[in-house]
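One structure follows; several queries about it will come next.
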Amino acid sequence: MTKRRYYSVAATLYMLAVILLLVFGSSYTSHIGGISIWNWGSGPLGLLGVYTLISLRIVGPTEVGAVLFFGKPLFEAKSGLVFVPLGICELVLETKLRIEQELPADPEFIDHGHSDEDTVKKGYFPPIRITFAEGKKENIDPLERRLTTEVVPMVIWQIDNFPKFLQAVGDREEARGQMADMAVSVFTEILTRISAATALKRVPKTNEKLLKDIKERTKEWGITVHDARIKTFGLSHDLNLAIQKMAQSSAEARATVIEAEATKTKRRLEGEGDGAAEQARLNARTAGFKKMADDLNVEPSVVFGAETARAVTENPGLKTIVMGTEGFKEIAGIASALSETFKTGEKPA
């Protein structure tokens, strides 16, 4: 039988005894000479009843408690009514919900101006600062330089065994401090060997290592660590400006290249469009000539000559037949096509 079971049985028997004593003790009176005299022994019973009532405690639905016997944890108290003998035992409470904490402290309690615990303001904590290694020297990226910056980790955990947690750690702030030391150990092992640019790329792997390490070191704490990860890198204002300028220059250069490519592509497409239109016209004319030749049962060259002659006669300002052209034989052989030229009485030049 566990300590909690023993305590529960003892508390139940105690409560029953108190109730019985109060019921029977308060009704007991003495009769002397026909006069009823109050039995003053019932007074202590009344005090015992009051003591019992004020020794009752309530554990809320989102809380977990531990009953301490002169400072030593006896058992975990679940939600509900708990008997905690006043002056002998003590009930301490803690949340049973998940606890999310930034390390080493909440942002409003971080003294960013100092990194030495001896120089920080009272009630504040120094930030976790890591010095990254230098990357490729030919790289102009400021994150490839050797620099020191703040790294903010966070952890999510939950209490499973409160008495065990009290004995192993004490409270959640002590737990946070020790977890912060674990995070610094992991960061020193991993991040100080690479540049900040590389560290940003390897955040998922660093998170895996951080979570594994904290889980391993806290397995005897009576808690469950659900997550541990880097929340942010605290880059300085000047460094952010340098990164922004570099990104802006890169974007402008890229925009120039894209614009040049777009202009080149536009010109090429326009040229292809003109060529495609001309090719379409040629294809149409060729198909027309072929159909006319098939319908008239003549050679295609005859049709081409006739069309050339018609084009000449239809142009009032062009009455000259150029000698030596390939189509001249066909033109001269079709008198009907040339007749329109001589109707005006003009002689070909």
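Any residue that is assigned to a strand (DSSP E or B), touching a Ser or Thr at 6+ places or on another chain (Cβ under 9 Å) and at pLDDT below 90 - is there at least one of those in the stretch 67-78?
yes
For every residue, the table says whether it meets (1) acidic (Asp, Glu); (2) under 18 Å from the mean Cα position of the chain (by Cα); (3) farther than 18 Å from Glu144 by Cα.
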| position | (1), (2), (3) |
| --- | --- |
| Val186 | no, no, yes |
| Leu191 | no, no, no |
| Ile194 | no, no, no |
| Leu200 | no, yes, no |
| Leu210 | no, yes, yes |
| Lys215 | no, no, yes |
| Lys219 | no, no, yes |
| Gly222 | no, no, yes |
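Do the conditions hold for Lys201, that is, is it free of Cβ contacts under 8 Å to residues at least 12 places away in the same chain and not hydroxyl-bearing (Ser, Thr, Tyr)?
Here the answer is yes, as Lys201 does meet what is asked.
Next question. I'm told Val155 meets every condition in (1) in contact (Cβ under 8 Å) with a residue 40 or more places away in the chain; (2) within 30 Å of Phe75 (Cα to Cα); (3) assigned to a helix (DSSP H, G or I); (4) not polar (S, T, N, Q) except one. Can you identify the failing condition by its number?
Only one criterion is unmet by Val155, namely (3).
So which residues in the stretch 50-66 are in a loop (DSSP other than H, G, I, E, B) and under 40 Å from the mean Cα position of the chain (by Cα), if there are any at all?
Selection gives Gly60, Pro61, Thr62.
Of the residues that make up the stretch 92-111, is at least one modelled with pLDDT under 90, over 22 Å from Thr198 (Cα atoms), under 29 Å from the mean Cα position of the chain (by Cα) and assigned to a loop (DSSP other than H, G, I, E, B)?
The answer is yes, given that some residue of the stretch 92-111 is modelled with pLDDT under 90, over 22 Å from Thr198 (Cα atoms), under 29 Å from the mean Cα position of the chain (by Cα) and assigned to a loop (DSSP other than H, G, I, E, B).
Hey, another quick one. Since Arg129 meets every condition but one in (1) touching a residue at least 40 places away in the same chain (Cβ under 8 Å); (2) out of contact with any helix residue (DSSP H, G or I) (no Cβ under 7 Å at 6 or more places or on another chain), which condition does it not meet?
That leaves (1) as the condition not met.
Starting from residues that are open to solvent by 60 Å² or more (accessible area, probe 1.4 Å) and hydroxyl-bearing (Ser, Thr, Tyr), keep the ones in the stretch 51-78 and report whichever is nearest to Val169 (Cα to Cα).
Thr62
Given the conditions (1) closer than 30 Å to Gly71 by Cα; (2) open to solvent by less than 60 Å² (accessible area, probe 1.4 Å); (3) assigned to a helix (DSSP H, G or I); (4) free of Cβ contacts under 8 Å to residues at least 40 places away in the same chain, report the number of the one that Ala175 does not fulfil.
All conditions pass for Ala175, except number (4).
Please give the number of the condition Trp221 fails out of (1) open to solvent by 40 Å² or more (accessible area, probe 1.4 Å); (2) at pLDDT 95 or above.
Unmet for Trp221, out of (1) open to solvent by 40 Å² or more (accessible area, probe 1.4 Å); (2) at pLDDT 95 or above: (1).
Then there is this: Name, by its number, the condition in (1) open to solvent by 30 Å² or more (accessible area, probe 1.4 Å); (2) closer than 30 Å to Lys231 by Cα that does not hold for Ile99.
With (1) open to solvent by 30 Å² or more (accessible area, probe 1.4 Å); (2) closer than 30 Å to Lys231 by Cα applied to Ile99, the lone miss is (1).
The values are calculated or read from the model by the stated rules, or taken from the named source; none is laboratory data. Bear in mind the structure is a predicted one, so any value in this text is a computation, not a measurement. So basically every Cβ, Gly included, is an ideal-geometry build from the backbone, and we count neighbours across all protein chains shown. Accessible surface is based on the protein model in full, side chains and every heavy atom, while ligands, DNA and RNA are left aside. Shrake-Rupley method; radii C 1.70, N 1.55, O 1.52, S 1.80 Å.
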